[in-house]
Amino acid sequence: MKIVIDNKPCVCEPGEYLMDIAARNGIYIPSLCHHDGLPGQACCRVCIVEIEIGGKRNLVTACVYPVEQELTVFTNNEYVERQRRMVLELLRSKAPQSAEVTRLCEQYSVPQSDRLEKEKDGKCILCGLCVNACRSLGTGAIGTAGRGVDKVVTTPYDEPSLACVGCASCAAVCPTGCIEVAESENQRTIWNKTFPLVACTSCGAVIGTLMELWRAAQKAGADEPAELCVTCRKKAITDVMAATYGR
C-alpha cells in the first residue's frame, strides 16, 4: 500500500502506525512519550499530524494511528505546527524544568506566556513510560497516585518500594529526565532506596544491582546471578566454541 507523507511517496503494510512509516522513510515526527519497546502511549500528543482521506482532513496522533487505506499526511504544515505549539505550551507549564520540553518549545518557536500557571519544579509530563517499563519487567514498583493536577508518579505511600530492584529502567525511558538516579562506584540510589552494584568479574564494568541480577537469575531458573557483563559473556561463549570446534 502507498501513502504520501509531506509529498514523499511511502510504501507500507496495512495496520502499520504512521510514526513507524515516517521514521522508516527518514521523516521526522517529534514525540516525547513514544518508545519502540513500549508502544501505544499517545499521551504527550506532540506527534499530532494532519491526514487527508477523500478530501477530508483530520488531526491524528501518529504514534498510534494505524494506516488502513491510502491517505496523504502533513507533518509540519502551518495548522499542525500551530496545534503542536499549543500542546508544547501546555507541557511546558507542567514540566518547565525539563530540558527536552524546553528544546522542543524552542524548536517550534513556542512563545513565552504567563497565561498558564507553571509548576515550579516540574519535570514530569505524566506520559506513563516509566510505569509501563516497570510493569513490563514484572516489578510494578511505581505507579500513579492522586487525581487531576495532583496526579504524580511515585512508589506506594511515597515509601521505598519493596518490589523495586534498582534497575533504573524507569529513568532510562523517561523523556524529560524527571527520575533522579544517583550512582557511585559501588551503589545506586533511586526512589529513595539504595542498592549495591555488581561489577563484571572479567572487565569490571557495572552489570547492575545485586537485587536486579538475582531477580533475573530467578526468572531464568539459574542458581546464581550473572558474574559477567553481556560483552564478556559473548566473548566467553566465542572462546568455548573456538576451543571446541577449532579456529
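Any read-out appearing in this document is the output of simple, stated calculations on the displayed coordinates, not a laboratory observation. Only a predicted model underlies this, so the values are computations on that prediction, with no experimental measurement involved. A quick note on method: Cβ atoms are made from the backbone with ideal geometry, for glycine too, and the neighbour counts reach across all protein chains shown.
Starting from the Kirkwood radius over alpha-carbon pairs of the range 2-107, derive D by Stokes-Einstein at 20 °C in a medium of 1.002 mPa s and give it in µm² s⁻¹. Please report the intermediate quantities before stating the final value.
Details: Rh = 14.2 Å.
This corresponds to a translational diffusion coefficient of 151 µm²/s.
Please give the FRET efficiency for residue 217 paired with residue 180, using the beta carbon to beta carbon distance and R0 = 25 Å, rounded to the nearest 0.05.
It comes to 0.35.
Amide H to amide H, which residues 5 or more places from residue 207 or on other chains are under 5 Å from it, using H placed in the peptide plane?
The list, which skips near neighbours in sequence, is 198, 199, 200.
Quick check: convex hull over the Cα atoms of the chain, volume per residue in Å³, rounded to an integer?
193 Å³
Please name whichever of 148, 201, 228 sits farthest to the positive end of the charge dipole of the range 129-245, dipole taken about the Cα centre and charges placed at Cβ: Lys and Arg +1, Asp and Glu -1.
Ranked along the dipole, the leading option is 148.
Could you work out [θ]222 nm for the chain from helices alone, using -39500 (n - 2.57) per DSSP H run of at least four and dividing by all its residues? Round to the nearest 500 deg cm²/dmol. Mind dumping the intermediate values first?
On the way: 7 runs with 73 residues, N = 247.
Result for the chain, helices only: -9000 deg cm²/dmol.
Show me the ranking of peptides 200-213, 124-137 by mean Cβ neighbours inside 10 Å, starting with the highest.
Those peptides, ordered most packed to least, come out 124-137, 200-213.
How many times 2.2 N^0.38 Å is the alpha carbon radius of gyration of the range 141-247?
That ratio works out to 1.38.
Could you order the peptides 219-228, 176-185, 110-119 from most to least packed, using the average number of other C-beta atoms within 10 Å per residue?
176-185, 219-228, 110-119
Order by neighbour count: 61, 155, 194, fewest other Cβ atoms within 10 Å first, most last. Before the final figure, lay out each step's value.
Numbers: 61 21, 155 18, 194 13.
So the residues, fewest neighbours to most, are 194, 155, 61.
For residue 235, list the lysines whose Cα falls under 28 Å from its own Cα; do not include residues on the same chain fewer than 8 positions away.
Result set, ordered by chain and number: 219.
Non-local amide H neighbours of residue 193 (under 5 Å, H modeled in plane, Pro and chain starts lacking H): which ones?
Amide H to amide H, under 5 Å and 5 or more residues apart or across chains, residue 193 pairs with nothing.
Working out 0.36 nm times the residue gap between residue 202 and residue 245, then minus their Cα-Cα distance, what length gain in nm do you get to one decimal?
Taking residue 202 through residue 245 to full extension adds about 13.1 nm, to one decimal.
Here is the link list: 94/193; 123/151; 120/193. Which ones come out longer than 22 Å on Cα distance?
Exceeds cut-off: 94/193; 120/193.
Using R₀ = 51 Å, calculate the FRET efficiency as 1/(1 + (r/R₀)^6) where r is the Cβ-Cβ separation of residue 238 and residue 28; round to 0.05.
Once rounded, the FRET efficiency stands at 0.85.
For the range 80-90, just list the computed ³J(HN,Hα) in residue order, Karplus coefficients 6.51, -1.76 and 1.60, θ = phi - 60°, integers in Hz, with x standing in for Gly and Pro.
Whole-Hz 3J(HN,Hα) from phi for the range 80-90: 4, 5, 5, 5, 5, 4, 5, 4, 5, 5, 5.
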